[in-house]
Amino acid sequence: MAMIGKVRRMHHRQKKSVREIARATSLSRNTCRRRLNFDPPCRPNIDPGLDAVLVAVSLALEGAPPSGRVSVEHVVNVLARLNEAPPPACAATTLQAKTPPRADTARYDRLRQSAAAQPGAGEVDHA
């Protein structure tokens, strides 16, 4: 994506031709043309209005670090989460397990006891 931006900047801001861009970047002219015609994926339709933006900023500031700095990307992310559709409700199903799960916690206790009985294999404190 960085090269796409570089090619587009050279063409639109610096007014360079495709041939000049190809020489400067070591890309073929066809590749430069593709980069110039590239349309980035469109953003979701976010038209929240000022109130939603203010809510997103206040929510982002609530969870701000002690420095109080919040990036624009963070605010945009909060705004997108506010505008996204709610997750679907859990679907009721009639699926049943053929065999019930076996939770044998006593097995783990036996394994811990056998491991503790071995010399030099006591529990390790990782803290």
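The set of residues in segment 68-83 being of a type outside the set (A, V, I, L, M) and either open to solvent by less than 100 Å² (accessible area, probe 1.4 Å) or in contact (Cβ under 8 Å) with a residue 24 or more places away in the chain (or both) consists of Gly68, Ser71, His74, Asn77, Asn83. Look at segment 3-27: where a residue is of a type outside the set (D, E, K, R) and a partner is surrounded by 14 or more Cβ atoms within 10 Å (Cβ to Cβ) and not in a helix (DSSP H, G or I), sitting 6+ places away or on another chain with Cβ atoms under 9 Å, you get Met3/Leu27; Val7/Leu27; Met10/Lys16; Ile21/Leu27; Ala24/Lys16.
Of all residues in segment 52-67, those that are under 12 Å from Leu82 (Cα atoms) have Cβ atoms under 6 Å from Cβ atoms of residues that are aliphatic (A, V, I, L, M) and open to solvent by less than 70 Å² (accessible area, probe 1.4 Å), 6 or more apart or on another chain, in Ala56/Val75; Ala56/Val78; Ala56/Leu79; Val57/Val75; Leu59/Val78; Ala60/Val70; Ala60/Val75; Ala60/Val78.
Counting residues in segment 75-97 that are of a type in the set (D, E, K, R) and modelled with pLDDT of 85 or more gives zero.
You will find that of Asp125, Asp109, Asp51, the residue that is modelled with pLDDT under 80, over 30 Å from Ile4 (Cα atoms) and in a helix (DSSP H, G or I) is Asp51 and no other.
Looking only at residues of segment 1-32 that are in a loop (DSSP other than H, G, I, E, B) and not hydroxyl-bearing (Ser, Thr, Tyr), we find that the one that is most open to solvent (accessible area, probe 1.4 Å) is Arg13.
The values are calculated or read from the model by the stated rules, or taken from the named source; none is laboratory data. Just so it is clear, the model here is predicted, and its values are computed rather than measured. Note that we place each Cβ from the backbone using ideal geometry, even for glycine, and neighbour counts take in every protein chain shown. The protein model used for the area step is the full one, side chains on, heavy atoms only, and it has no ligands, DNA or RNA in it. Shrake-Rupley method; radii C 1.70, N 1.55, O 1.52, S 1.80 Å.
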